[in-house]
1. Running a GNM on the chain with Cα contacts under 10 Å, which residue among Gly208, Gly243, Gly109 ends up with the highest mean-square fluctuation?
2. Can you give the log10 of the normalised intensity I(q)/I(0) at q = 0.16, 0.30 Å⁻¹, computed with Debye over equal Cα scatterers of region 210-256?
3. Taking the Cα-to-Cβ direction at Ala191 and at Ser78 and moving 7 Å from each Cα, how far apart do the two end points lie in nm?
4. Note down the nm distance, to one decimal, between modelled labels 7 Å out along Cα→Cβ at Arg49 and at Arg218.
5. Relative contact order of region 160-266, please, whole-number percent, based on alpha carbon pairs below 8 angstrom and at least 6 residues apart.
6. Report, in listed order, any pair from Lys72/Lys163; Lys217/Lys260; Lys187/Lys253 with a Cα-Cα distance greater than 27 Å.
7. Can you check what the net charge comes to around Val252, using other residues whose Cβ is under 14 Å from the Cβ of Val252 (Lys, Arg +1; Asp, Glu -1)?
8. Looking only at Arg54, Arg76, Arg34, which one moves most when the chain is put into a Gaussian network model with springs between Cα atoms under 10 Å?
Amino acid sequence: MTDSAASPTVEVGHQAGVRTIRLSRPESLNAFNRQLHDELAEALRAAERDPNTRAIVLTGAGRAFCVGQDLKEVNRGSDGTARLSGMLRSHYNVLIKRLRTIEKPIIAGVNGVAAGAGLSLALACDMRLASDGATFVTAFSAIGLVPDSGAFYFLPRLVGWPKAMELMLTSERVSADEALKLGLVNKVLAADEFEAGVQRFAAQLASGPSLAYGLIKRGLYRSTFSDLDTMLEVEAQYQEIAGRSEDFHEGVKAFLEKRKPEFKGR
Ligand code: T3D
């Protein structure tokens, strides 16, 4: 349970259809404790429910994005040894799956270091924009653990097996520019215009055809484990839905009238 007297560990802002969720334990580099897990889960639930939220930005306060589990608060059994699977099943795994099933674009605004499950969190978002000062570290093997929170799933799919193996075994720190070359991030922005650049990008998505975006997200992730026949049928079904939307009607009308479409997200 979250201690209601404790300072909030998540800050939420809303502007131009973009809900910004900022992890805010800067003194611990935004490491996860129970309170942060609970407040992030609640912020994501609210973002999912709110029809005026058409894009979500996940970012961090201070010099870090997120450095994974707070190592000062590791769950231990009565004999003092760590008990890790419970927290993974009850919190981390639920969080990672939720990022995938929310049918709105979720952008990780990687403002600084992303390590351990903090890296996994960024990888589970739909896109990653990084500040040029951001760094990326798998970190798990450096403390004798294995990757978790989806890192085994996402990292090889983004950077390929050989590089994923190297990053997981060595826990070496990767710069933003290197991350861009590896395909780990979509864009790198200069630190002094990072916040504004992320908001501009997200606002652009928030003014797009949100219903189609939700279906694109669902379809793209489905294609990861489907064959061609399945995906051709999925495309037919999703296109039927998109084709009946007001946004499709507006998109075609705007095209024929040679103007920019005004999408409503439905
Ligand atoms: O149920 C479960 O618990 C299982 C789940 C596991 C999920 C995981 O995420 S396991 C992996 C946990 N994360 C890490 O192992 C990362 C550990 N941190 C680092 O490797 C480095 O701190 C960084 C590469 C992230 C950043 O390095 P640097 O040089 O920029 O900063 P620093 O000096 O190492 O750290 C600054 C402070 O943050 C320092 O505290 P101090 O000395 O100023 O009081 C450091 O201890 C603290 N800090 C950094 N990471 C964590 C942390 N404190 C608690 N937990 C952390 N994860």
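1. Gly243
2. The calculated log intensity ratios at q = 0.16, 0.30 Å⁻¹ are -0.48, -1.05.
3. Calculated label separation equals 5.0 nm.
4. Modelled inter-label distance: 2.1 nm.
5. 25 percent
6. On the way: Lys72/Lys163 30 Å; Lys217/Lys260 23 Å; Lys187/Lys253 32 Å.
The answer is Lys72/Lys163; Lys187/Lys253.
7. Details: positive: Arg244, Lys253, Lys258, Arg259, Lys260; negative: Glu246, Asp247, Glu250, Glu257, Glu262.
With Lys, Arg at +1 and Asp, Glu at -1, the net is 0.
8. Arg76
Taken together, the values in this text are just the output of simple stated rules run on the coordinates, not laboratory data. Here the structure is a predicted model, which is why all the values come from computation and not from measurement. Every residue, glycine among them, receives a Cβ derived from its backbone with ideal geometry; neighbour counts consider all protein chains shown.
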